[in-house]
There are 2 protein chains.
Amino acid sequence: MKDETADPGPKTARTSRAARTSRSEHTRALILETALRLFQERGYDRTTMRAIAQEAGVSVGNAYYYYSSKEHLVQGFYDRLAAEHEAAVQPVLAGDRDLAVRVRGALMTWLDVAEPYHRFATQFFKNAADPESPLSPFSPESAAAREAAISIQERVLHGSDTRAAPELSDQLPHLMWLMQMGLVLFWVYDRTEGTERSRRLVERTAPLVARAIALSRFRLLRPLVRQVHEVLEEFLPGAAATRATRV
Amino acid sequence: MKDETADPGPKTARTSRAARTSRSEHTRALILETALRLFQERGYDRTTMRAIAQEAGVSVGNAYYYYSSKEHLVQGFYDRLAAEHEAAVQPVLAGDRDLAVRVRGALMTWLDVAEPYHRFATQFFKNAADPESPLSPFSPESAAAREAAISIQERVLHGSDTRAAPELSDQLPHLMWLMQMGLVLFWVYDRTEGTERSRRLVERTAPLVARAIALSRFRLLRPLVRQVHEVLEEFLPGAAATRATRV
């Protein structure tokens, strides 16, 4: 088996590797799907990896191969949500240059994408809120989903015709992500039909955010902007790290 | 026993009622004390009412008489924290009229008062963060502690020489309480020695908050202030209810 002459040649190898990747991606997706369904049905705490494997029709070893713990399944969920948002938000990013419209569009799209998971998110939230948990939005383990969300905010901002105060422009996408986390918190607590109240909050705050950003260039607000800049510089989770990886 | 002529007269009755109240307050405090110690030592989830009663040297029935569930013990903890903050914050409220100094003082005092409970708060936080939990700071059950905290912010503001935009003045104490909840969130996640980073955050943001409030009277910011007012009017948890009870 280890005989290198048995290599079927570059082209075939590539094809079968692709086939394997696709099969493997399929299994990975199936396990995640099954896990999310069971989490919703039985609750996160009461769902075991064994039960997930059984329902997905794979061996327990196979399930652990793809996701080495339940926490990794939730990270998989975060990544999927981020990918779905990235796809759904494209028309907003390519659309209207008005900042209020873009902020509103990006957040509404997130609410649309997240809607099917609302019940799960509600049940699950107390685990993510635990400061010791790798599932917190601020944890190193959540970096990929966090960076993806910040990158969307960056494009919301940079594709608009509004210019913020120059000293804030690096930090604004992070600040907007933090606000998005505030919306997520509100949404988790939201018990209205179709999370109508969260939608209303976006509707009302998007013009406000756009206006505040536009105002940041005014002379009267310079001292305040400088203070905000300094606080963000010191406290914004991951802002420095993100900049560093981009250099 | 039910013979009304056996009544020992108003004065004696009042005295013995007072004595009973004080004994009863003592038992109540002892149970709370013991519960907090056990929560810290063993974790919230693993501490039973039975264990609390045993350690406090009271019967289980007696423990349940004072606190009908573990959740009520945590509400007792919130109320105690609020009472300790109310006592400790007096010098700040009676002191300097500079708004930044007052905002900083009120929050630093909270950090001082809360310091001994930091470890417990960290362990316990995931329970409070559960949207279904009566222990959430937004729950009806937490109303007393919430109102107490808002009342402190009210006095921070009204004792200062800064005047906010008139349409915001009713809502600002609530908004400042919401910011305090943001600080509590930051503090729960804070792992620095003596929660030094939380103190630093207060140090840096207090002047910023004071400046933003002072700026709210400027003409340039009127449209923004109006928008903020409308959003708060619609979304501030409990703001309308609080006003209603005051009428």
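In summary, the protein assembly as shown shows an alpha-carbon radius of gyration equal to 1.16 times the 2.2 N^0.38 Å reference for compact globular proteins. Along the axis of the charge dipole computed for chain B (Cβ charges of +1 for Lys and Arg, -1 for Asp and Glu, origin at the Cα centre), the listed residues B:Thr195, B:Leu36, B:Thr48 are led at the positive end by B:Thr195. Of the trypsin sites (Lys or Arg not before Pro) found in the stretch B:27-121, the ones in coil according to DSSP and having at most 14 other Cβ atoms within 10 Å of their Cβ are B:Arg46, B:Arg97.
Between the listed residues A:Tyr66, A:Pro116, B:Ser169, the Cα displaced farthest toward the positive end of the dipole of the protein assembly as shown, a dipole computed from Cβ unit charges relative to the Cα centre, is found at B:Ser169. Distances between equivalent label points of A:Ser133 across the copies, with each point positioned 7 Å along Cα→Cβ, amount to 1.0 nm, shortest listed first. Rounded, prolate or oblate: pick one for chain A, where a ≥ b ≥ c are the square roots of the eigenvalues of its C-alpha gyration tensor, a/c under 1.5 means rounded, and failing that, prolate if a/b is larger than b/c, else oblate. Taking the square roots of the gyration eigenvalues as a ≥ b ≥ c, chain A is prolate.
Considering only B:Ser24, B:Ser68, B:Ser16, the Gaussian network model of chain B with Cα springs below 10 Å gives its largest mean-square fluctuation to B:Ser16. In a reduced charge model with +1 at each Lys and Arg Cβ and -1 at each Asp and Glu Cβ, the protein assembly as shown shows a dipole moment near 560 debye about its Cα centre.
Comparing the full protein assembly with the isolated chain (1.4 Å probe, heavy atoms, ligands and nucleic acids excluded), the residues of the stretch B:220-236 losing at least 10 square angstrom of accessible area are B:Leu220, B:Leu221, B:Pro223, B:Leu224, B:Gln227, B:Val228, B:Glu230, B:Val231, B:Glu234, B:Phe235. A viscosity of 1.306 mPa s and a temperature of 10 °C, combined with the Kirkwood radius over Cα pairs in Stokes-Einstein, give a translational diffusion coefficient for the stretch B:71-179 of 108 µm²/s. Residue-wise HN-Hα couplings along the stretch B:49-63, as the Karplus relation 6.51 cos²θ - 1.76 cosθ + 1.60 with θ = phi - 60° gives them from phi, are 4, 4, 5, 5, 4, 4, 5, 7, x, 10, 6, 4, x, 5, 4 Hz; Gly and Pro carry x. Inter-copy label distances at B:Glu230, shortest first and taken from points set 7 Å along Cα to Cβ: 3.5 nm. Each Lys and Arg adds +1 at its Cβ and each Asp and Glu adds -1 at its Cβ; summed about the Cα centre, the stretch A:119-247 shows a dipole of about 500 debye. Here the stretch B:52-108 has 54 percent of its accessible surface on carbon and sulfur atoms, given a 1.4 Å probe and all protein chains in place.
Each residue of the stretch A:103-113 is assigned a 3J(HN,Hα), and the resulting list reads 4, 4, x, 5, 6, 4, 4, 4, 4, 4, 5 Hz, derived from the Karplus form 6.51 cos²θ - 1.76 cosθ + 1.60 (θ = phi - 60°), x at Gly and Pro.
Placing a label point 7 Å from Cα along the Cα-to-Cβ axis, B:Asp98 is separated from the same position in the other copies by 4.4 nm, shortest listed first. Centre-to-centre, using Cα atoms only, the stretch A:83-152 and the stretch B:121-139 are separated by 23 Å. In the context of the full set of protein chains, residues of the protein assembly as shown present 52 Å² of accessible surface per residue (probe radius 1.4 Å, heavy atoms only).
Interface size, chains A and B: roughly 3400 Å² of accessible area buried, both sides included, 1.4 Å probe, rounded to the nearest 100. Chain A residue nearest the axis that carries A onto B, by Cβ, with distance in whole Å, is A:Ala129, 2. Our helix-only sum for chain A, with -39,500 (n - 2.57) per DSSP H run of n ≥ 4 divided by its residues, gives a mean residue ellipticity at 222 nm of -23000 deg cm²/dmol.
The values are calculated or read from the model by the stated rules, or taken from the named source; none is laboratory data. Computed from a predicted structure; not experimentally measured. Here the Cβ is made from the backbone with ideal geometry for all residues, glycine too, and neighbour counts use every protein chain on show. Heads up: the accessible areas ignore ligands, DNA and RNA and are worked out on the full protein's heavy atoms, side chains in. Shrake-Rupley method; radii C 1.70, N 1.55, O 1.52, S 1.80 Å.
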